[in-house]
Amino acid sequence: MTVHQAEEHVLGLDIGGTKLAAGVVSSTGRVLSYDRTPSMIEQGPDATIERLFRLAEGALRQAGSDITAVGIGCGGPLDVERGIVLSPPGMRDWSGIAIAERARERFGVPAHLDNDGTAGAFGEYLFGPWQPARSLAYLTIGTGIGGGLVLDGRPYRGSTGNGVEFGHLVVDWQGRVCNCGQRGCAEAYVSGTSIAARAREALAGGRESVLRRGSVTAADVAVAARQGDPLATELWEESMRILGRLVAQVINAVEPELVVLGGGVTREGQMLIDPVRRYGLGGVMSPSSVRTQVHLAALGDQVGVQGAAAITFDPMRSASTPGRS
């Protein structure tokens, strides 16, 4: 899909629960510069945004290129049209933060805010190897579970820009409490944070395991499962079964040509994608007729800034969007 004949450069900013990232990206997806730093969200929005903008200024110096826009990816809920963050779970005191306006004032170019899942989905679609497909569902499994959807070659956001929250589809209505306040969301089971929390809970309950007590990560669980540890194997298999069922729900609801999985937990590669394909494609309503393919994401660790950049190339963005010139 060719969006621009002449290559443009834009600044992509990614606000995550564990990291901030900034980079200059071309309209072909080429990353000219990239840097990241821990989020330290607990410092509050003003301090965090200042650190993000300083990171961005370093990326601009490194790229040595003019930019035409700034794209910002952040977890929702958001007011996408006005570029305002509306207190996402885990980001206390971020209610009503007009970050697109701040970015426009700081960098002197139009700035756009979008859900990080939507940004990731459009980044994968625009810059990844998936075309000529016209529909793509994206799930990012990391600190939480984000989601994005591309239909007919364009991002789908829902009526207010806060749709496609795949991580908050319910897998057990009486289950674990999620960060969003509801029970049984997929995010409460198969995000990296939740896999680690479930392991710590099992250890605290007396289960024996090679997993060290205290600081356990999802990656530790995966390593121990590879080694045949019974607890880790049980946790990983259950997590992949739940993730597969989530993929099946997405396919049943949308039937995209592609489901693409990204995020830190997917670094486990075949150990993740093989069971997710098995449970996901085997769990749809009509397995024999489904043509959806399930793949690992192509863009890697820089997808946050590439996705944030991609949203600035979305042809559906209105010329009346605040900050648009």
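Brief remarks follow.
- Top-ranked residue in the range 85-120 [being assigned to a loop (DSSP other than H, G, I, E, B) and within 22 Å of V164 (Cα to Cα); ranked as modelled with the highest pLDDT]: W94
- The residues of the range 60-69 that are within 18 Å of A100 (Cα to Cα), of a type outside the set (V, I, T) and out of contact with any helix residue (DSSP H, G or I) (no Cβ under 7 Å at 6 or more places or on another chain) amount to a single one, L60.
- The requirement of being in contact with a Leu (Cβ under 8 Å, 6 or more places away or on another chain), of a type in the set (G, A, S), crowded, with 24+ Cβ neighbours inside 10 Å and more than 29 Å from Q249 (Cβ to Cβ) is satisfied by A69.
- Count - residues of the range 261-306 that are within 24 Å of D114 (Cβ to Cβ), out of contact with any Leu (no Cβ under 8 Å at 6 or more places or on another chain) and not β-branched (V, I, T): 7
- Residues satisfying the criterion are absent from the range 138-153 (criterion: among the acidic types (D, E), farther than 18 Å from E237 by Cα, surrounded by 16 or more Cβ atoms within 10 Å (Cβ to Cβ) and modelled with pLDDT under 95).
- Residue within the range 123-141 that is in a loop (DSSP other than H, G, I, E, B), free of Cβ contacts under 8 Å to residues at least 60 places away in the same chain and out of contact with any strand residue (DSSP E or B) (no Cβ under 7 Å at 6 or more places or on another chain) present: yes
- Some residue of the range 39-49 being buried (at least 17 other Cβ atoms within 10 Å of the Cβ), modelled with pLDDT of 95 or more and in contact with a Lys or Arg (Cβ under 7 Å, 6 or more places away or on another chain): yes
- Matching helices (runs of 4 or more DSSP H) fully within the range 165-277 where at least 1 residues are farther than 30 Å from S288 by Cα, of a type in the set (S, T, Y) and touching a Ser or Thr at 6+ places or on another chain (Cβ under 7 Å): 192-204
The values are calculated or read from the model by the stated rules, or taken from the named source; none is laboratory data. The structure presented is a predicted model; accordingly, all values stated were derived computationally and were not measured. Every residue, glycine among them, receives a Cβ derived from its backbone with ideal geometry; neighbour counts consider all protein chains shown.
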